[in-house]
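Asks: Here it is, the structure, as structure tokens.
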Amino acid sequence: MNQFRYLALLLLLTLPLLLVRCTSEGGDDKLQALALAAANIYEKVAVAPATYSNPAVGYEAIPVTIPEQDLGKNVSFQYTLDLNGATRDVFFTFTNIDASSSTWYPSLDSSLSVMNQTAVPDTFETDRTTLLNTDDAALRGTPEISEFNRSPWEFLNQVNPVNMLLNSIDFPEPMPSDYKDAQSSFKISAFTSINATCRYVSNPAVSTAFGSKTLSIWVADDQWTTQPALYPNKVTQDMVDVLVSKFLIAGLDNDIYDWVTNIYGDVSKNTAEWGPVSGSSLSPSAKTMMIPESNQITILLFDIDPPGVPGDGGVVGYFWAKDNFKSSAISYSNERVMFYMDSIMFAHSDGGAWDITDKWPSTVISILSHEFQHMIHFYQKTVMRSYGQGSETWLDEMCALATEDLVADKVHVDGPRGVSYLDYSDGDSPNTTDRLSRYNFYNNYSVTKWYSGDDVFASYSINYAFGAYLMRNFGGAQFFHDVMHNEFTDQAAIEDALNKAGYTLSFGEVLQQWAVANLLSDKTTTAAGYKYNDSTPLVTFASTVNTKPYTIGAINLDNYLYVTQNGPYIRDTMKTGSMPQASNYYYRAGTGLTGEQTWNIKLKSRVRMNVVVK
């Protein structure tokens with residue numbers, strides 16, 4: 001009997017360790033949370049009482065520092081806040097600082113009454129019907145393409161002896177010589193091709209800071225204006241000419257190409273979107289698979305999601321790195337430096353005559369800058385710096401969304417902020433533009449986990465909101481240049497950029513500051529590190545790269561409305577269960593409080609707490 005008791009005790013002691021090991025080897029978040037819950041040991045610690053010290057200002061952010069957490073300990077403590085004679089609302093922000101692992105939500109009760117802590121329904125699931133029925137949001141690419149771009153060599157059969165032989169031979173493969181009215185077939189996927197005609201070629205080539213560039217624009221034959229009207233609108237030559245004027249024209253600092261390459265190009269090597277791979281970080285065999293250096297960029301307009309129906313959202317455009325490979329490595333490569341953009345949305349007007357300022361045409365232009373970042377990111381990061389392993393999807397997408405924001409006023413389209421590019425203020429309320437309004441609703445989801453399916457819209461929103469915060473606090477355009485120009489492909493890329501900007505913050509510390517900034521975005525006088533908003537955004541949110549200026553507008557999250565959610569979603573109950581990696585949770589600790597208040601709190605070692613008094 002004693003042996004059985006001993007075995008049972010041994011099993012209870014080792015079960016959490018076994019579960020943690022299983023989850024670290026690929027288990028899901030729920031199993032990982034179960035492992036953490038099984039190891040339900042908290043150390044009681046003392047936390048110094050806090051006093052609200054800014055009654056005249058009207059708000060204050062108060063960090064809660066618990067050294068024991070840095071030692072990996074779960075902690076239990078009493079937190080006391082003296083409101084110093086004021087009557088204020090009190091909020092807690094909880095941050096899972098771990099970028100790759102979930103943990104367990106906090107638990108707490110207050111001196112006023114035991115706070116309600118129940119299994120809060122997952123709004124991400126229950127409101128999906130509302131999401132799908134009310135949104136016509138624009139997608140940038142697809143998960144499959146993003147995953148390919150992140151690590152294309154995982155998709156290649158490098159042990160195929162025929163491929164190895166072909167890649168070992170140095171075939172001269174100059175880029176095709178495009179000319180107006182040329183006809184060709186483009187490989188859309190391994191199984192699909194479309195016929196298209198060249199409707200524009202730069203002649204002569206355009207002089208840029210990164211050499212002479214040639215732009216060619218091809219339009220699928222079934223989408224051209226002379227074809228039968230299968231869809232309400234067709235692409236015309238005037239539309240093509242406007243697209244040219246937005247992306248690449250003669251002169252400097254007057255198009256997407258100039259402003260985006262100025263941020264992300266490598267001045268020392270005079271390269272931006274593509275160049276030689278001989279001096280890259282790739283292995284010798286990988287180098288043989290890439291197309292040669294080229295100064296030609298192709299844009300293909302076609303119906304990405306047939307049958308395309310204008311106004312229904314969907315994929316507006318994408319960059320697919322398959323085309324940067326020789327066809328001997330990837331049979332469906334077009335062997336071009338190229339983008340794919342949706343012709344249906346580009347040709348769609350709001351009613352009446354088509355204009356580039358109409359919703360979908362202007363969205364196409366904004367997304368073109370987004371996809372151009374992806375194109376440069378693939379070369380500058382994946383090929384040249386990170387040994388063929390591309391950035392995690394959330395990081396690459398965050399850079400692309402930030403790019404839309406940075407160049408909105410340069411290319412005269414409204415960016416993801418949802419305020420006119422002419423207006424640098426925080427705009428009007430209610431603002432229902434999808435990026436930040438949706439972020440308000442899904443603000444407790446992970447930054448570093450890229451959600452799939454219909455949930456991908458939340459990932460775009462979360463990562464734009466985080467990127468918008470980083471730009472407005474740590475150096476704007478230069479910060480994102482530095483994120484790309486290092487060898488790191490995860491949160492370490494952000495920490496490296498912070499270090500170059502003179503900050504010694506960890507990724508987890510930045511997540512905590514971001515949480516506080518969310519609750520204070522209605523204030524225009526917050527300290528550096530907590531800014532979304534400012535009364536003088538043209539001064540506060542200005543930055544330069546290579547001496548060229550970039551200015552972004554102010555953000556007040558309280559202005560944004562999503563369905564019925566106005567402003568940041570602040571929970572009145574503590575959720576139970578698994579807290580996602582790299583996520584924040586916003587909790588209303590009390591409304592109209594005064595005097596001294598006390599809460600009893602339990603935190604897992606990875607969860608950090610901050611207090612906001614307003």
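Asks: Picking from TYR332, TYR387, which residue would you name as being in contact (Cβ under 8 Å) with a residue 24 or more places away in the chain, out of contact with any helix residue (DSSP H, G or I) (no Cβ under 7 Å at 6 or more places or on another chain), in a loop (DSSP other than H, G, I, E, B) and surrounded by fewer than 24 Cβ atoms within 10 Å (Cβ to Cβ)?
Replies: Values: TYR332 fails: out of contact with any helix residue (DSSP H, G or I) (no Cβ under 7 Å at 6 or more places or on another chain).
From the options TYR332, TYR387, the qualifying one is TYR387.
Asks: Any chance you could count how many residues in the stretch 181-199 are aliphatic (A, V, I, L, M) and under 15 Å from TRP224 (Cα atoms)? Full working, then the answer.
Replies: First pass over the stretch 181-199, keeping only residues aliphatic (A, V, I, L, M): 182, 188, 190, 194, 196.
Filter again for under 15 Å from TRP224 (Cα atoms), leaving 182, 194, 196.
Of the residues in the stretch 181-199, 3 are aliphatic (A, V, I, L, M) and under 15 Å from TRP224 (Cα atoms).
Asks: Give me a count of the residues in the stretch 405-457 that are surrounded by fewer than 20 Cβ atoms within 10 Å (Cβ to Cβ) and part of a helix (DSSP H, G or I).
Replies: The qualifying residues number 3.
Asks: In the stretch 177-207, which residues are open to solvent by less than 50 Å² (accessible area, probe 1.4 Å) and of a type outside the set (A, V, I, L, M)?
Replies: ASP178, SER184, PHE186, SER189, THR197, CYS198, ARG199, SER202
Asks: Working carefully through the options LYS523, LYS500, LYS531, find the one that is surrounded by fewer than 22 Cβ atoms within 10 Å (Cβ to Cβ) and touching a residue at least 24 places away in the same chain (Cβ under 8 Å).
Replies: Values: LYS500 fails: touching a residue at least 24 places away in the same chain (Cβ under 8 Å); LYS531 fails: surrounded by fewer than 22 Cβ atoms within 10 Å (Cβ to Cβ).
Going through LYS523, LYS500, LYS531 in turn, just one is surrounded by fewer than 22 Cβ atoms within 10 Å (Cβ to Cβ) and touching a residue at least 24 places away in the same chain (Cβ under 8 Å): LYS523.
Asks: If VAL539 passes every condition in (1) open to solvent by less than 10 Å² (accessible area, probe 1.4 Å); (2) over 22 Å from the mean Cα position of the chain (by Cα) but one, which one does it miss?
Replies: It fails just one condition, (1).
Asks: Let me ask another. Just for the stretch 207-245: of the residues that are in a strand (DSSP E or B) and in contact with a helix residue (DSSP H, G or I) (Cβ under 8 Å, 6 or more places away or on another chain), which one is nearest to SER349 (Cα to Cα)?
Replies: Within the stretch 207-245, the subset in a strand (DSSP E or B) is 207-208, 211-220, 224, 235.
If we keep only those that are in contact with a helix residue (DSSP H, G or I) (Cβ under 8 Å, 6 or more places away or on another chain) as well, we get 208, 213, 215, 217, 219-220, 235.
Working: THR208: 32, LYS213: 30, LEU215: 25, ILE217: 20, VAL219: 18, ALA220: 19, VAL235: 11 Å.
By that ranking, first place goes to VAL235.
Asks: Also, quick follow-up: If you go through the stretch 208-247, how many residues are over 29 Å from LYS410 (Cα atoms) and open to solvent by 70 Å² or more (accessible area, probe 1.4 Å)?
Replies: Result for the stretch 208-247: 7.
Asks: Cβ contacts < 8 Å: first residue in a helix (DSSP H, G or I) and open to solvent by 10 Å² or more (accessible area, probe 1.4 Å), restricted to the stretch 363-379; second residue hydrophobic (A, V, I, L, M, F, W, C) and modelled with pLDDT under 95, any location; separation 6+ or different chain. Result?
Replies: THR363/ALA138; THR363/VAL316; THR363/MET345
Asks: For ASP305, which of the numbered conditions (1) of a type in the set (D, E, K, R); (2) under 23 Å from ASP482 (Cβ atoms); (3) within 27 Å of the chain's Cα centre (by Cα) fails to hold?
Replies: With respect to (1) of a type in the set (D, E, K, R); (2) under 23 Å from ASP482 (Cβ atoms); (3) within 27 Å of the chain's Cα centre (by Cα), ASP305 is out only on (2).
Asks: Of the numbered conditions (1) crowded, with 23+ Cβ neighbours inside 10 Å; (2) touching a helix residue (DSSP H, G or I) at 6+ places or on another chain (Cβ under 9 Å), VAL613 satisfies every one except a single condition; which is it?
Replies: Result: VAL613 fails condition (2) only.
Asks: Moving on to the next point. With THR403, THR432 as the choices, which residue is touching a Leu at 6+ places or on another chain (Cβ under 8 Å), β-branched (Val, Ile, Thr) and farther than 21 Å from GLU144 by Cα?
Replies: It is THR432.
Asks: Additional query: Could you check the stretch 94-202 for strands (runs of 3 or more DSSP E) lying wholly inside it with 1 or more residues that are of a type outside the set (A, V, I, L, M, F, W, C) and at pLDDT 75 or above?
Replies: Because the criterion is at least 1 residues that are of a type outside the set (A, V, I, L, M, F, W, C) and at pLDDT 75 or above, the strands (runs of 3 or more DSSP E) in the stretch 94-202 that meet it are 107-110, 183-187, 193-201.
Asks: Continuing with this model, one more query. Just one of the numbered conditions (1) part of a helix (DSSP H, G or I); (2) in contact with a helix residue (DSSP H, G or I) (Cβ under 6 Å, 6 or more places away or on another chain); (3) open to solvent by less than 50 Å² (accessible area, probe 1.4 Å) is not true of GLU495; which one?
Replies: (3)
Asks: Take the stretch 440-456 and flag every residue that is touching a residue at least 12 places away in the same chain (Cβ under 8 Å) and more than 21 Å from SER521 (Cβ to Cβ). Walk me through how you get there before you give the answer.
Replies: As a first pass, look at the stretch 440-456 and keep what is touching a residue at least 12 places away in the same chain (Cβ under 8 Å): 440-450, 452, 454-456.
THR448, LYS449, TRP450, SER452, ASP454, ASP455, VAL456 - these are the residues of the stretch 440-456 that are touching a residue at least 12 places away in the same chain (Cβ under 8 Å) and more than 21 Å from SER521 (Cβ to Cβ).
The values are calculated or read from the model by the stated rules, or taken from the named source; none is laboratory data. Predicted model, so just to flag it, every value in this text is computed and none were measured. When we count neighbours, we look across all protein chains shown, and the Cβ atoms used for this are built from the backbone with ideal geometry, even at glycine. Only protein heavy atoms, including side chains, enter the accessible area calculation; ligands, DNA and RNA are left aside. Shrake-Rupley method; radii C 1.70, N 1.55, O 1.52, S 1.80 Å.
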